[in-house]
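J.: Quick one: this structure, given as structure tokens, is what I'll be asking you about.
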Amino acid sequence: MELFGSSFELDNVEQPKKPISSVASSKQRKKKLKTFARYLEIESWKRGPLARDMEPVLRSIGEACKQINRIVQRAQTDDLYGVAEDANGNPLEETNVQGEVQQKLDVVCNAIMLKQFCGSTKGIIAAVASEEEDSQRSCANVMGDSAFALGEYVAVFDPIDGSKNIDASLPVGTIFGLYKCTPGTKPTEETFLQKGNEMVAAGYCLYSATTILVLTMGSGVDGFTLDPDKGMFLHTHPDIRIPASGPIYSFNEANFHDYSSPVQRYLDALKEGSSTTGMRSNARYMGALVADVHNVLINGGIFGYPGTRPNPNGKLRLLYEGNPMAMIMEQAGGAASTGTGRILDVIPTEIHMRVPTFLGSIDNVYECDQFHQYYDDDDEVDE
């Protein structure tokens, strides 16, 4: 066929392209990954009675993280930003036991964690201690039912770490830990004052670009990513291992001049590239413990919240933050220190006790400890 004096061939005609959406969808493939529930079933079978006891509790923690994730995403549209209010709708002026004004999200997320821990199953969790509350509470008190009074474990948690980040759409997280207690006895504050190395499980949920649950039951660390389509946590990070050293340091350098001399000297060495790791470090600080520690866990380096002149013990709570994160770091091949000793060896004196905290790659944390050993706190640092 001739068209305007030239040969017209169908092969030379540009065919219509597929819509971008159909092309994108045709290339998407879901990985075949174990669900969090299936992982717990397998671990319960492998580890025996201890893991079987914890299985329903850990399932409930997964559900709590899903609920909190939805709340975090809806915080603006559901008016959950800002300071918590009383029954009359007035902002709460009183601070909590930590000296902080509670945010709306603090109150809501705390209620979710209380119910999920205590309501997971009868006879497992006997009592809970929250970073948001003045004292520990029995599960009978939480559930309003004496049938929940006894159990073999107690739980500690920070329901929403970094809640002020929500206003700027920055990452936040949830931290938790489990301890054994004497069966058949009523837990008291003393029950919670155990060293971190007696913890039987610990973990955190990170609410960020993706929602990740990281868990250890005392034999390695595993990570699970929330699939938004299925509404399930999937086993995306088996056997997480932190690099022996790394380039990231995560400190709030606004406090630099209030840090002790060993910490100042150590940070200077990191920035100059003169540390024993042999690399110049990069500063990364998001203002939420879970986000900063997760970054260090995956990429290597060190997170630090040292003591300062106004707060010699720092601001991180041993039970709710220090011990769970220390257990995770050590189980992943890293280290956790107060600068003068292992965090997991610290004996708590009260449930809201604070300690200076350094978490991360074993080489980085060891070098930080060396600076504490060789320099006095009151040594002057050359400017």
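J.: Find the percent of Cα-Cα distances in the stretch 107-242 that exceed 27 Å, and round it to a whole number. Intermediate values should be presented prior to the final figure.
T.: Numbers: 2269 of 9180 pairs.
I get 25 percent for the Cα pairs in the stretch 107-242 exceeding 27 Å.
J.: Taking the Cβ of TYR179 as the centre, find all other residues whose Cβ is under 14 Å away and add up their charges (Lys, Arg: +1; Asp, Glu: -1).
T.: On the way: positive: LYS180, LYS195; negative: ASP53, GLU152, GLU189, GLU190, GLU198.
Net charge in that neighbourhood comes out at -3.
J.: Something else: List the relative contact order of the stretch 287-353 as a percent without decimals, with contacts defined as Cα pairs under 8 Å and 6+ residues apart.
T.: Working: 43 pairs, mean separation 16.9, N = 67.
Contact order relative to length: 25 percent.
J.: Based on the Cβ-Cβ distance of TYR374 and GLU350, what FRET efficiency does E = 1/(1 + (r/R0)^6) give at R0 = 25 Å, to the nearest 0.05?
T.: Values: r = 32 Å, r/R0 = 1.27.
In this case the efficiency is close to 0.20.
J.: Arrange the residues ASP161, ASP145 by how much accessible surface each exposes, largest first, with a 1.4 angstrom probe. Display every interim value, and only then the final one.
T.: Values: ASP161 15, ASP145 60 Å².
So the residues, ranked largest to smallest area, are ASP145, ASP161.
J.: I've got another one for you. For the stretch 46-57, what does the Karplus curve 6.51 cos²θ - 1.76 cosθ + 1.60, with θ = phi - 60°, yield as ³J(HN,Hα) per residue in whole Hz, taken in order and with x for Gly and Pro?
T.: Values per residue, Gly and Pro as x: 6, 9, x, x, 4, 5, 5, 4, 7, 3, x, 5 Hz.
J.: Using the Cβ atoms and a cut-off under 10 Å, what net charge is assigned to the surroundings of ASN311, where Lys and Arg are +1 and Asp and Glu are -1?
T.: Values: positive: ARG309, LYS315, ARG354; negative: ASP258.
So the environment of ASN311 carries a net charge of +2.
J.: Got a number for carbon plus sulfur as a percent of the stretch 172-286's accessible area, 1.4 Å probe?
T.: Details: 2220 of 4680 Å².
Heavy-atom surface of the stretch 172-286 belonging to carbon and sulfur, 1.4 Å probe: 47 percent.
J.: Using a cut-off of 11 Å between beta-carbons, work out the net charge of the residues near ALA140 (Lys and Arg +1, Asp and Glu -1, ALA140 not included). Intermediate results must be reported in sequence, preceding the final value.
T.: Working: positive: LYS122, ARG137, LYS186; negative: ASP145.
Net charge around ALA140: +2.
J.: Can you work out ³J(HN,Hα) from phi for every residue in the stretch 276-281, in order, using Karplus 6.51 cos²θ - 1.76 cosθ + 1.60 and θ = phi - 60°, giving whole Hz and x for Gly and Pro?
T.: The phi angles translate into 5, 5, x, 9, 7, 8 Hz.
J.: Also, quick follow-up: Do you know the relative contact order of the stretch 210-295, to the nearest whole percent, from alpha carbon pairs under 8 angstrom that are 6+ apart? Show your work: numbers first, answer last.
T.: Details: 96 pairs, mean separation 17.1, N = 86.
In percent, rounded to a whole number, it is 20.
J.: P(r) tail for the stretch 185-224, what percent of Cα pairs lie past 17 Å? Intermediate values should be presented prior to the final figure.
T.: Numbers: 384 of 780 pairs.
Above the 17 Å cut-off, the stretch 185-224 has 49 percent of its Cα pairs.
J.: Would you kindly derive the ³J(HN,Hα) couplings of the stretch 324-339 from the backbone phi angles with the Karplus curve 6.51 cos²θ - 1.76 cosθ + 1.60 (θ = phi - 60°), listing them in order in whole Hz, with x for Gly and Pro?
T.: x, 5, 5, 4, 4, 4, 5, 5, 8, x, x, 9, 9, 9, 8, x
J.: Working out 0.36 nm times the residue gap between THR210 and ARG29, then minus their Cα-Cα distance, what length gain in nm do you get to one decimal? Kindly include the intermediate steps, with their values, before the conclusion.
T.: Working: separation 181, 0.36 × 181 = 65.16 nm, distance 1.77 nm.
Value of the extension gain: 63.4 nm.
J.: Here's a follow-up. Report the accessible area of GLU272, computed with a 1.4 Å probe over the heavy atoms of all protein chains in place, in Å² rounded to the nearest 10.
T.: Counting only protein heavy atoms, GLU272 exposes about 120 Å² to solvent.
J.: Can you pull the accessible area of ILE71 for me, 1.4 Å probe, Å² to the nearest 10?
T.: 20 Å²
J.: If you count only protein heavy atoms and use a 1.4 Å probe, how large is the accessible surface of HIS352, to the nearest 10 Å²?
T.: Only protein atoms counted, so the area is about 20 Å².
J.: Using a 1.4 Å probe, what is the accessible area per residue for the stretch 150-309, in Å²?
T.: Working: 5950 Å² over 160 residues.
Result: 37 Å² per residue.
J.: Return a whole-number percent for the relative contact order of the stretch 208-257, with Cα pairs under 8 Å and 6 or more residues apart as the contact set. Write out the running numbers ahead of the final one.
T.: Details: 53 pairs, mean separation 12.5, N = 50.
The normalised contact order for the stretch 208-257 reaches 25 percent.
J.: According to a simple spin-label model (label point 7 Å from Cα along Cα-to-Cβ), what is the distance in nm between ARG74 and GLU41?
T.: With each label point 7 Å from Cα toward Cβ, the separation is 3.0 nm.
The values are calculated or read from the model by the stated rules, or taken from the named source; none is laboratory data. In this text the structure is predicted, and so the values were computed from the model without any measurement. No Cβ is skipped: glycine too gets one built from the backbone with ideal geometry, and neighbour counts run over all protein chains shown. To get the accessible areas, we keep the full protein, side chains included, count just its heavy atoms, and leave off ligands, DNA and RNA. Shrake-Rupley method; radii C 1.70, N 1.55, O 1.52, S 1.80 Å.
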